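First up is the structure itself, then whatever we jot down about it.
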Amino acid sequence: MELIAFYILAAIVTVSAVCVIAAKNPVHSVLWLILTFFTSAGLMVLIGAEFLAMLLVVVYVGAVAVLFLFVVMMLDVDFVELKQGFLSYLPFGALMGIAFIAEIALATFARGTAANSFNPYPGAENNAEAIGQVMYTDYLLLFQMSGLILLVAMIGAIVLTLRHRPHVKRQSVAHQTARRRKDAIRRIDVKSGEGL
C-alpha cells in the first residue's frame, strides 16, 4: 500500500512541478507550486518525517507560496516581456536539467547501507521529538546563532527599506511635552456678528 501511495504522490509531484514551469499564467503557476508542496509533504509523511512535512506545509505553503501569489497579483508584471529571452537560456537550462536528472538517478540507483538503515526516530517517540532533542542539545549554539543572524537580517531589511518623506508631519514627543500653555493657545477678540 505504501508503494502505491508513493507512486501516486511522486507522479503528482512530477506533473505539478512541470506545470509550475509550463504554466503561462503566473497565478496558475503559483497554484501548481502549492500543489507540489502539499504532495511533497505527503511524501515526507510516507518516510516518517512528520515534522518536515508539517514544516513544508506551514512555512512554504502558508507563507512563501501565498506571498508569491499576492506579489504576483499585486504587481502588474509583464511576463510576456520577461519570457522573450527564453530561447537564449534554453541550452544552459537543458544542461542544468540533465545534471539534476543525473543526480536523482545517482541517488536512486546507488542505494547503499545508509538508505536501508535510515531511522527517523533515533531514540525518541516521534520525529519532532527527535529533532528537538538534537537541535536543543547538540546544536543549541548554532541554532541560537542562526536566530541572531536572521534577526540582524530582518532589522537590516527594515532599515534599508525605511523611507523618510520630507513633507509628512511626524510626532515629536519631546516637543509635545515641553510646550507651554501660552504657546498652544491663542486668544482672538472677535467682534459681534463677525467670524474669524
Quiz item: So which residues in the stretch 1-33 are closer than 30 Å to Glu125 by Cα and surrounded by fewer than 18 Cβ atoms within 10 Å (Cβ to Cβ)?
Solution: Met1, Glu2, Leu3, Ile4, Ala5, Phe6, Tyr7, Ile8, Ala10
Quiz item: Do we have any residue at all in the stretch 39-51 that's part of a helix (DSSP H, G or I), touching a residue at least 60 places away in the same chain (Cβ under 8 Å) and either closer than 21 Å to Ala128 by Cβ or out of contact with any Ser or Thr (no Cβ under 7 Å at 6 or more places or on another chain) (or both)?
Solution: yes
Quiz item: Looking at Thr36, is it part of a helix (DSSP H, G or I), open to solvent by less than 30 Å² (accessible area, probe 1.4 Å) and either among the polar types (S, T, N, Q) or at pLDDT 90 or above (or both)?
Solution: yes
Practice problem: Take Ile98 and decide whether it is assigned to a helix (DSSP H, G or I) and modelled with pLDDT under 85. | Solution: no
Quiz item: over 25 Å from Ala49 (Cβ atoms), within 38 Å of the chain's Cα centre (by Cα), open to solvent by 70 Å² or more (accessible area, probe 1.4 Å) and modelled with pLDDT of 85 or more - does that describe any residue in the stretch 127-140?
Solution: no
Quiz item: Identify, please: which residue in the stretch 152-178 is open to solvent by 80 Å² or more (accessible area, probe 1.4 Å) and either modelled with pLDDT of 85 or more or of a type in the set (Val, Ile, Thr) (or both) and is, among those, farthest from Ala49 (Cα to Cα)?
Solution: Thr177
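The values are calculated or read from the model by the stated rules, or taken from the named source; none is laboratory data. What you see is a predicted model, and the numbers here were worked out from it, not measured in a lab. For neighbour counting, all protein chains shown are included, and Cβ atoms are generated from backbone atoms with ideal geometry for every residue, glycine included. Side chains are part of the model used for accessible areas, which takes the heavy atoms of the whole protein and leaves out ligands, DNA and RNA. Shrake-Rupley method; radii C 1.70, N 1.55, O 1.52, S 1.80 Å.
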